[in-house]
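**Student:** Here's a structure for you.
The values are calculated or read from the model by the stated rules, or taken from the named source; none is laboratory data. All values derive from a computational prediction rather than experimental measurement. Cβ: placed from backbone, ideal geometry, glycine included. Neighbour counts: every protein chain shown. The area values use the complete protein model at the heavy-atom level, side chains included, leaving out ligands, DNA and RNA. Shrake-Rupley method; radii C 1.70, N 1.55, O 1.52, S 1.80 Å.
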Amino acid sequence: MPVRPVARLSRSDLADLNAFRAVERLRSFTQAAVELGITTSALSHAVRNLEGRLGVRLLNRTSRTVSPTEAGAKLSARLNVGFEEIIEALDEINASREKPVGRLRLNVLRDGARLIIGPHLPVFLKRYPDMQIDITVDDRMVDIISEGFDAGIRYGGTVPEDFIAVKLGQELRWVAVASPRYLYHHQPPFLPEDLMAHSCIQIRTGAGTIYKWEFRKDNDYREIDVPGQVCVGDTIMGIDLALGDVGITYCPEKRVEKYIKNGELRVVLPDWSPVEPAMYLYYPRNRHNLPGLHELISVLRERMPV
C-alpha cells in the first residue's frame, strides 16, 4: 500500500497520534474513547488511518486485549515526551490568561460529591464560565493517572503517595444514627459492642471489603464488625434506609445534619463518635499548571476553611 511521508504534521495527524497514545496507555479502546470524548468506532477508525499512513501496525488487538507492537511501543515512548512538552507549553500560556479556559476531569467519592462538589462547584462555575468540569462519582480506589483524571477527591489517609494533596475543610466526625421509630422498638446501645444485637446497615468499601465501624472515647478505641440484613455500597443508600426505619447506619455527621436537626434521625453512642481525617483534593505533581485547577482549589479552600 502507498505510504504518505509524514514530514509535516496536519491537524488530523496530531489527533490520530493522540488517539493512539491514549489507547496504548489505557490498553483499551473503550476507556480511551471515554477519555477523549469520542465513540469507540471513531477511535478505532482514527488508529487504523494512522497505521495506514505510516504503513506499520502499532497495536495488537484481540477480542479481550490491546497491546502495542514493538513499533507501537517505541512510537508511544517518543510521543509521550513530545505531548508532555506541548501540554506544558499550553499550560504556561493558559496560566497567563486572566481567567482559565479548559476542561478538568475529576474522580470524586460519593460523600465528596454531596459534601463538596454539590454545595461549592456552582460558585466556581459562575466565577469561571469558560471552564468545563467532567465529574465521575466513584467510591472505588482508582488510579487517576491511568484512568485519565486530572484530580481526585477522597478521605485523608487514603490518598496515594507522590501526589500533591490539598486539605478541604475540617476533620469529620463520624456518627451512628437511626430513626426514632427504630429506636422506639429496640433497646438503644450504650457501648459499641451493643450493636451486635442490632440491625445495622453494613457498608462495602471501594476496595470491596465490608467496613468495620470505628468508635473512640478518649483513648479507648474499638472496631466493630457489625451485623446486618442489608449491605450497601455508599452512605447515601445507608441514610435512606435508616430514614426508612431499617436500622442503624454509620456516616459523616455532616451528611445527616439536617435529619438530626429536624428529628428524623438520632445519634446513638454520641460519646463514642470518632473524629477522622478531612477530605483532600489530590493531583499529580506534573499537573500543577493545569488550567482551572488552582482556581478550583482556591474556591474550595475559600468556602471550606481548614
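**Student:** To the nearest 20 Debye, how big is the dipole of region 29-111 about its Cα centre, given +1 on the beta carbon of each Lys and Arg and -1 on that of each Asp and Glu?
**Tutor:** Roughly 480 debye for region 29-111.
**Student:** In square nanometres, what is one fourth of the surface area of the convex hull spanned by the alpha carbons of region 72-179?
**Tutor:** On the way: hull surface 39.8 nm².
Mean shadow area of the hull around the Cα atoms is 9.9 nm².
**Student:** Hey, got a sec? Which GluC sites (Glu not before Pro) in region 76-158 land in a DSSP loop and have at most 11 other Cβ atoms within 10 Å? Write out the running numbers ahead of the final one.
**Tutor:** Details: sites: Glu84, Glu85, Glu88, Glu92, Glu98, Glu147; in loops: Glu98, Glu147.
Qualifying residues, ordered by number: Glu98.
**Student:** Go through Lys167/Lys217; Lys212/Lys258; Lys217/Lys258; Lys99/Lys167; Lys74/Lys99 and tell me which ones have a Cα-Cα distance over 31 Å in this structure.
**Tutor:** Flagged as over cut-off: Lys74/Lys99.
**Student:** Per Stokes-Einstein, at 10 °C and 1.306 mPa s, what whole-number D in µm² s⁻¹ belongs to region 196-291, with the Kirkwood radius over Cα pairs as the hydrodynamic radius? Walk me through the intermediate numbers first.
**Tutor:** Numbers: Rh = 15.2 Å.
Estimated via Stokes-Einstein, D reaches 104 µm²/s.
**Student:** Regarding region 14-99, what whole-number volume in Å³ per residue does the convex hull of its Cα atoms give?
**Tutor:** Looking at region 14-99, the number lands at 98 Å³ per residue.
**Student:** Something else: Whole number in Å², please: accessible area per residue of region 154-306, 1.4 Å probe, ligands, DNA and RNA not counted.
**Tutor:** Counting only protein heavy atoms, the per-residue value for region 154-306 is 51 Å².
**Student:** How big is Rg to Rh over region 237-296, alpha-carbon atoms, Rh as the Kirkwood inverse-mean-distance radius?
**Tutor:** 1.20
**Student:** Per Stokes-Einstein, at 4 °C and 1.567 mPa s, what whole-number D in µm² s⁻¹ belongs to region 154-252, with the Kirkwood radius over Cα pairs as the hydrodynamic radius?
**Tutor:** The Stokes-Einstein estimate is 87 µm²/s.
**Student:** I'd like to compare 215-224, 104-113: which one has the highest average count of other Cβ atoms within 10 Å, and what's the full order after that?
**Tutor:** Packing proxy ranking, top to bottom: 104-113, 215-224.
**Student:** Now a separate question. Run the accessible area of the chain with a 1.4 Å probe and give the carbon-and-sulfur part as a rounded percent.
**Tutor:** Answer for the chain is 51 percent, counting heavy atoms of protein chains only.
**Student:** Using θ = phi - 60° and the Karplus curve 6.51 cos²θ - 1.76 cosθ + 1.60, what whole-Hz ³J(HN,Hα) does each residue of region 238-254 get, with Gly and Pro shown as x?
**Tutor:** 3J(HN,Hα) across region 238-254, in whole Hz: x, 5, 4, 5, 5, 5, x, 6, 6, x, 9, 10, 9, 6, x, 4, 5.
**Student:** Kindly provide the trypsin sites (Lys or Arg not before Pro) of region 135-177 that DSSP labels as loop, not H, G, I, E or B, and whose Cβ sees at most 15 other Cβ atoms within 10 Å. Provide the component values of the computation, followed by the final result.
**Tutor:** On the way: sites: Arg140, Arg154, Lys167, Arg173; in loops: Arg140.
Listed in order of number, the matching sites are Arg140.
**Student:** Now, a different point. Rolling a 1.4 angstrom probe over the protein heavy atoms, how many square angstrom per residue are accessible across region 21-93?
**Tutor:** On a per-residue basis, region 21-93 sits at 58 Å².
**Student:** Same structure, new question: With angles folded into 0 to 90 degrees, how steeply does helix 70-95 sit against the dominant principal axis of the chain? Use alpha carbons for both and round to 10.
**Tutor:** Rounded to the nearest ten degrees, it is 70.
**Student:** Right, something else. For the chain, report the translational diffusion coefficient in µm²/s to the nearest whole number, using Stokes-Einstein at 4 °C, 1.567 mPa s, and a Kirkwood Rh over Cα pairs.
**Tutor:** So the translational diffusion coefficient is about 58 µm²/s.
**Student:** Right, another one. To the nearest 10 degrees, how steep is helix 40-54 against the longest Cα principal axis of the chain, on a 0 to 90 scale?
**Tutor:** 30 degrees
**Student:** Dividing the convex hull volume of the alpha carbon atoms of region 119-168 by its residue count, what do you get in Å³ per residue?
**Tutor:** Taking only Cα atoms, region 119-168 has a hull volume of 113 Å³ per residue.
**Student:** Relative to the longest principal axis of the C-alpha atoms of the chain, give the angle of the C-alpha long axis of helix 118-127, reported between 0 and 90° and rounded to the nearest 10°.
**Tutor:** Compared with the principal axis, the helix lies near 40 degrees.
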